[in-house]
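Below: the structure, in structure tokens.
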Amino acid sequence: MKDISQMIKLVAIEKKDVLLSILFGFLAGMAAVGLFASSGYLISRAALVPPLYALTVLIAFLKLFGFARALGRYAERYYSHRATFTMLSNIRVAFFEKLEPYAPRVFQKYRSGDLLARIVGDVESLQNFFLRVYYPPVVLVVIFLSTIVFTSVFSTSIAIVLLLGLTLTGVFVPFLFSLRQRTIENRVRESRGELSIDVTEFLYGFRDLKIYQQLEDKEERLHESSSSYIREQEREGMQRIFSHSVNTLVSLLISWVVLGLGAYLVARGDLNGLFLAMLVMISLTVFENATPMAVLPSHLEDSKRASRRLFSIGDEMIEDNGRLHLAGGESYGFELSGVDFRFPEEERQTLQQVNLKIPAGSKTALVGPSGSGKSTLLQLLLKIHTPNQGEILLNEHPMAQIDEESVWSKSNVVLQENHFFFGTVRENLQLAKDDLTDEQMLDALRDVELGSFQLDYPVFEKGENLSGGEKQRLAMARALLKGEQLWILDEPTSSIDALTERKIYERLFNQAEKDTLILVSHRLTGLELMDQIIVMDEGTIVEKGTYNELMHKQGYFYEMKQIEKTIFG
Amino acid sequence: MKHLSKLAFGQRKVILALFIISLIIGGTIIGQAYFFVAIVDRIFLEQQSFQEIVPLLAGLLLVLAGRAGFTWLHGRTGVKMAARAKSHFRQAIIKKFSRNPIQASLKGQSGRKVSVLMDSVDEIDGYFSNYVPQMIQTAVIPLMILIVVFTQHIYSGLIMLITAPFIPFFMAIVGVMTKKKSEEQMEKLSAFSGKFLDTLQGLTTLKLFGRAQKQKDEIEKSSLGFRDATMGVLKVAFISSLMLEFISMLSIGLIALEIAIRLVVYESIPFFSAFFILVLAPEFYLTLKDFGSAFHTGRGSSGAANQLAEELSETESYVEWGEEKLSAGSNPPFLELENVHFSYGKEEGLFALENIQATIPAYSQTAIVGRSGSGKSTLLHVVAGLIQPSEGQVKVNGEVLSFYQEHEWFKEVSYISQHPYLFSGTIAENIAIGGRGDHTMNDIKAAAQRAGIAELIESLERGYETPVGEAGRGLSGGEKQRLAIARAFLKRPSVILFDEPTTGLDLKTERILQESMKELSKTSTVITVAHRLHTIKNADQILFLDQGNLAALGPHEVLMERHPEYKEMVRLQQGGTPA
Ligand SMILES: Nc1ncnc2c1ncn2[C@@H]1O[C@H](COP(=O)(O)OP(=O)(O)OP(=O)(O)O)[C@@H](O)[C@H]1O
Ligand SMILES: Nc1ncnc2c1ncn2[C@@H]1O[C@H](COP(=O)(O)OP(=O)(O)OP(=O)(O)O)[C@@H](O)[C@H]1O
Ligand SMILES: [Mg+2]
Ligand SMILES: [Mg+2]
């Protein structure tokens, strides 16, 4: 029930609109009953040739009810939908908020297409929760009770029939359908998610699918997911139509009973014939409100599934408890002692017993074979992950006490893979900092040898229209623009030719002269300038020292250097 | 709405069935009113006994059951029709997406495309499950009621006849507005999807730049934008049903007044007829009103249909392919680049490859070298047949590439791109995607071995069954690369196109890779975008690219001698200092 209680909480925020919806729903429903009752009464009355004024009064009532119903209906719809769609919008934002702290690990658990399906499809489907599950029963009960009280003035037995009818259509039939609902599993939400997943991956992996000639297979698979989604929708549609029809039939039967009973009572003289038409009209109208109850269980079930899919996310999040904010305007030093790190769900330690000192203002290079844990170590320094053991100090403060966002805001980061957003070069650069002028951005582009780029140049999703090296340079430009005093660079120039790389590094070292800089490098050339070189292998630090020290030592680094020579020169 | 209506009314049998069902429903509506009125009339005015009306009650029961039953049948037919239509549209869109050339596939936001395929197609539903069935009912039932009313009392019939057209007239006005608004709504939804998915992919980047909050605001804005667009559509719908309600109410009032006056003042109409008309009149207007809201839904659907049609009508320049088989002789193919030109957009002044001329013999190794952004990957795309030269041609075994079947060509090629995509699935599946489909698990293991990734895989708890990609285990940059390289080793192709990774390959695995490449090149023609001197030196010839032009062509030693620029580049690559 947890999923639904979340929803109810959200509904409560739109209290005012909810109450208004109920109020106007009630008004409209009552006006409708009044309208048909008075028209039934009017005609019977007219048959007895009453004085004209009596008729005029009745007709005036008729008009009044008519207007009240139309306006009430309008207001009910307006308020209920406004509340609903505001709620949906809130849910979307709340969902994103829950998701956000997950980065960068979100894709180890979820798939993009799935999340998209949730925030769009599942949220949309929740509109039925409010519009069909939440308030209509309230309106229904109030209308029915008023009607039954009114009816009992004329005939107790007919009032009892109506009451029976209410329990039948409002409770019993929906209950039967909810039992049925449980036995047939409804998979609309899930199958929608699957289709969305498949399509998203199809689009993202399109080039590789094409290259490997797998498009046809995947297309086939998309057709299948689409068919099964449509099949589920169709099945759901059929079920709803069936439930709806059954409830319509039941309510028509009740009106039939009302008519039969009324006729019997009139024939026996227990009821004035004048009211017969009115009572039947009332019964026909009042049950119009009850028929949608039949589809309530189906919508409820659907809403439950949707909200479970939405609210289950983020349950296992660990909150960041860091309160300390970095002041800025200083350079940063790190000290790691006995740091162990293991990715969740991984049996092996990715980092083991890392002891390391990175003095403020120093330049550190991180080298080592692929998979040795270089990127992971950087992520620990950025508080993207937290160590399982040992301690990281940042400027003497334990990392655990520092607010993660504060760490990020003080560092210029280039990741091994950088994301670029659909838009323009300008928009992608503006991420770096507020209030950047065009000149600053153009300067930064020139610094990374992208002087030929214009700021309005379009950038495709994931930077697909840029070459490998251009992407890295754009990422570097972003970091340069941010201009903080901690540089964390993960192979920032791996796809860049040596000439361009050299020019970029020159400018980088210029700007970062007094800053702390940590650089993962796949190439071992040009490391002579670094204050220290850390050599990693299999998650541990195997060597550290300056270039000369390490070369002199003729250890691991020296060996790597020798191999490199055979490959690069 | 044209396309939709063609699709709907093309299904003659279904439409006919809907007509017949509507006729029956019309009959039950009239029957219900008749029995109902007759019973009241006899009991109330003629004061008959209960026994006398029992047959009428039985008749009424039958009619009520019929009404519910046939309404159910009608609804079912609509739902089925909608399912077929959605399937039709979605298949068309999927086909379009999968036929897209690479260039077109990169444009636009993926989230938007997903939204078109999911939401826009779903939006079509209403047209078929609601609008069409309701339209047919509206064509039949009011007419039947009108005829019955005319037989009872001409003036009421006339009032109905005069007032009824107001409803469609009003609807037409509203309809125009709805369509535009709902197109806007669909657009907002796609925009939201596009934004969300892109944001999701870049969430880490956003956080590191402290933009998560701002992005949240934008998501919120986009979400509210969608809400407002939705409310915009709904407001029109509500106003229009309010108006329809007023029209029908006034009309019913008019009818009631007229009847009452005749009944009371002139006594010129029997109670039965009067009551009968009064019961039928709301049913008459109800059908029209229902059509009003169905019409609204229909307009919404056609807004979505337009979006779909737009997506479908975009014509792309497809890469041409022919019908010939690529004769798989004992030798791998030889390639010729004749005067190859290609541009990403001449008018916009975008990057262009110009006049590339080269011959690549069978078994040879060719290295493409050049600075970042000089067009190396682009050239590899052209050779792979992923993009079509705008001028000149790529020839394979002396025939232009477009002479062969697409399938035949790609069967021979392995292309290891600069940024391979890891699919969500197991490691084994991710390697297998590169194969021809006839491999065994041992082949996969051997491929992983050659790519230097086997050791890592075997150290994992679930080995080759470890899930990677989205919702799977993360891999380091270099590990991802090697996984992709294993795909090529699985295939044993006769043409290898290799955008050499510079990223994170450690020097130990580098050796393994070199061995494997050497082995592969014994049976194939290899073109590599090369960064490693080792690869460059081993190549039979070098294509040296400079800003899309072929600046030099020849073996490494020759270029070193004759091309100072080339020499400088190589020197720097080795760690020399700039001259
Ligand atoms: N999300 C993850 N979950 C589990 N294991 C991971 C994850 N990410 C990386 N690993 C593993 O952790 C180890 C270290 O990865 P890391 O990315 O730090 O390597 P790296 O030194 O940066 O390598 P490269 O040079 O290839 O980028 C690798 O064996 C990798 O497979
Ligand atoms: N889809 C595209 N649309 C427009 N321009 C593109 C597209 N793809 C690439 N370009 C541009 O074409 C030029 C050449 O790109 P290409 O990827 O061929 O370079 P490259 O030589 O492989 O560079 P790198 O070594 O950096 O990968 C670049 O300037 C790039 O911006
Ligand atoms: Mg790494
Ligand atoms: Mg490239």
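Taking all protein chains together and a probe of 1.4 Å, list B:Leu422, A:Leu486 from the most accessible to the least accessible.
B:Leu422, A:Leu486
Tally Lys/Arg at +1 and Asp/Glu at -1 over every other residue whose Cβ is under 11 Å from the Cβ of A:Thr566; what's the total?
Residues near A:Thr566 contribute +3 overall.
Please turn the phi angles of region B:530-545 into ³J(HN,Hα) values with the Karplus equation 6.51 cos²θ - 1.76 cosθ + 1.60 (θ = phi - 60°), one per residue in order, whole Hz, x for glycine and proline.
9, 10, 8, 4, 4, 4, 5, 5, 6, 5, 6, 8, 10, 9, 9, 9
Treat every Asp and Glu Cβ in the protein assembly as shown as -1 and every Lys and Arg Cβ as +1, leave all other atoms uncharged, and give the resulting dipole magnitude about the Cα centre to the nearest 20 debye.
That gives a dipole near 3400 debye.
Using the beta-carbon distance between B:Ser317 and A:Lys503 and R0 = 35 Å, what value does 1/(1 + (r/R0)^6) give for FRET efficiency, to the nearest 0.05?
For B:Ser317 and A:Lys503, the calculated efficiency is 0.40.
Quick one: order A:Glu346, B:Glu218 from most to least accessible surface, probe 1.4 Å.
Sorted by accessible area, descending: B:Glu218, A:Glu346.
For region B:422-492, what does the accessible surface come to per residue with a 1.4 Å probe? Please give it in Å².
36 Å²
Less than 11 Å Cβ to Cβ from A:Glu330, Lys/Arg counted +1 and Asp/Glu -1: what total charge do the surrounding residues give?
0
Taking Cα atoms, how many degrees apart are the long axis of helix A:15-47 and the longest axis of chain A, rounded to 10 and kept between 0 and 90?
The angle comes out at about 20 degrees.
In what order, largest first, do A:Leu23, A:Leu215 sit by accessible area if the probe radius is 1.4 Å?
The residues order as A:Leu23, A:Leu215, largest area first.
Taking the Cα centre as origin and putting +1 on Lys and Arg beta-carbons and -1 on Asp and Glu beta-carbons, what dipole magnitude results for region B:422-492, to the nearest 20 debye?
Roughly 300 debye for region B:422-492.
Taking a cut-off of 13 Å between Cα atoms, list the aspartates and glutamates near A:Lys433, but don't count ones fewer than 8 places away on the same chain.
A:Glu484
Between B:Gln213 and B:Phe170, what is the label-to-label distance in nm when each label sits 7 Å out along the Cα-to-Cβ direction?
For the pair B:Gln213/B:Phe170, the computed spacing is 5.0 nm.
Which of B:Thr525, B:Pro555, B:Pro282 sits farthest toward the positive end of the charge dipole of chain B, with +1 on the Cβ of Lys and Arg and -1 on the Cβ of Asp and Glu?
Going by the Cα projections, it comes out as B:Pro282.
Angle check, please: helix A:438-447 long axis (alpha carbons) against the longest principal axis of chain A (alpha carbons), in degrees 0 to 90, nearest 10.
40 degrees
Starting at the first residue of region A:159-174, write each ³J(HN,Hα) from the Karplus equation 6.51 cos²θ - 1.76 cosθ + 1.60 with θ = phi - 60°, in whole Hz, x for Gly and Pro.
Taking θ as phi minus 60°, the curve returns 4, 5, 4, 4, 4, 4, x, 4, 5, 5, 7, x, 10, 5, 4, x Hz for region A:159-174.
Excluding same-chain pairs closer than 8 in sequence, count the lysine pairs in region B:179-263 whose Cα atoms lie under 18 Å apart.
13
Mind checking which lysines have their C-alpha under 17 Å from A:Lys544, skipping anything on the same chain fewer than 8 residues away?
A:Lys357, A:Lys363, A:Lys374, A:Lys553, A:Lys561
Which lysines have a Cα less than 19 Å from the Cα of A:Lys63, not counting those fewer than 8 places away in the same chain?
Straight-line reach from A:Lys63, under 19 Å: B:Lys289.
Could you run the Karplus curve 6.51 cos²θ - 1.76 cosθ + 1.60 with θ = phi - 60° over region A:193-210 and give me ³J(HN,Hα) per residue in whole Hz, x for Gly and Pro?
Along region A:193-210, the couplings run x, 5, 4, 4, 4, 4, 5, 4, 5, 4, 5, 5, x, 3, 4, 5, 4, 5 Hz.
Determine the dipole magnitude for region B:359-447: charges of +1 sit on the beta-carbon of Lys and Arg, -1 on that of Asp and Glu, nothing else is charged, the reference point is the Cα centre, and the result goes in debye to the nearest 20.
About 340 debye.
According to the square roots a ≥ b ≥ c of the eigenvalues of the Cα gyration tensor, what is the shape class of the protein assembly as shown, taking rounded for a/c under 1.5, prolate for a/b larger than b/c otherwise, and oblate for the remainder?
prolate
Between A:Leu450 and residues 5 or more places away or on another chain, which pairs have amide H atoms under 5 Å apart, with H built 1.01 Å from N, and which residues are they?
none
Please list, in chain and number order, the residues 5+ apart from A:Glu543 or on another chain whose amide H is under 5 Å from its amide H, with Hs placed from the backbone.
For A:Glu543, the qualifying residues are A:Val535.
If amide H atoms are built 1.01 Å from N in the plane of the peptide, which residues on other chains or at least 5 residues away come under 5 Å of the amide H of A:Leu366?
A:Leu519, A:Val520, A:Ser521, A:Ile534
So how tilted is helix A:2-13 from the main axis of chain A? Cα-based, degrees 0 to 90, rounded to 10.
80 degrees
For chain B, with equal point scatterers placed on the C-alpha atoms only and solvent neglected, what are the log10 I(q)/I(0) values from the Debye formula at q = 0.07 1/Å, to two decimals?
Values returned for q = 0.07 Å⁻¹ are -0.65.
The values are calculated or read from the model by the stated rules, or taken from the named source; none is laboratory data. All figures in this text were calculated on a predicted structure; none of them were measured in a lab. Glycine also receives a Cβ, built like all others from the backbone with ideal geometry; neighbour counts cover every protein chain displayed. Just the protein is used for accessible areas: all its heavy atoms, side chains included, with ligands, DNA and RNA removed. Shrake-Rupley method; radii C 1.70, N 1.55, O 1.52, S 1.80 Å.
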